[in-house]
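Here's the structure we're looking at; comments come further down.
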Amino acid sequence: MELIYTTTAMIIAQVIISLPIVAGLTMASFQSLDPNLALQLFGIGASRLQVLWLLCKEARLPLLAAVMAGFGGVISEVGASMMVGGNIRGETRVLTTATVLETGKGNFDIAIALSLILLALAFALNSALTYIQQRDRIKWPSLS
């Protein structure tokens, strides 16, 4: 299939890594919903697609947590990226593999800088997703 050392192979590897995490947490989020909710939605005439959409809206907070957990698993992964991507400059090198490369060469200052960039990106994205997840829950008291 000529996928080895391509970005397509890296994407496939990352999906395979994150799929069990996201699938497990997604199943748990749907199982936490009231089992009669889908029956009620079907009872008022909703189609299968509408029921799925409404169930996803109802479970949106745990679903977002599943996405965040999957992202955490993928962003910290080095082995699969190295195996299928090969860490080729300009083609398949990502922050995690570049950090490993620089550490192996003894360039610890560059490796630390790359790690800080990766950490900042992960923190920024998780902060944004946490804000989105929690914005409906924060109710400020009125001063009047």
Among what's in the stretch 95-138 and is modelled with pLDDT under 90 and not in a helix (DSSP H, G or I), pick the residue that is farthest from residue 62 (Cα to Cα). 138
Among helices (runs of 4 or more DSSP H) lying entirely in the stretch 1-87, which contain 1 or more residues that are at pLDDT 90 or above and either closer than 25 Å to residue 123 by Cα or open to solvent by 40 Å² or more (accessible area, probe 1.4 Å) (or both)? 7-31, 36-43, 48-58, 60-75
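The values are calculated or read from the model by the stated rules, or taken from the named source; none is laboratory data. Keep in mind that this is a model prediction, so the values were computed, not measured. We work out accessible area using only protein heavy atoms, side chains counted, and drop any ligands, DNA or RNA first. Shrake-Rupley method; radii C 1.70, N 1.55, O 1.52, S 1.80 Å.
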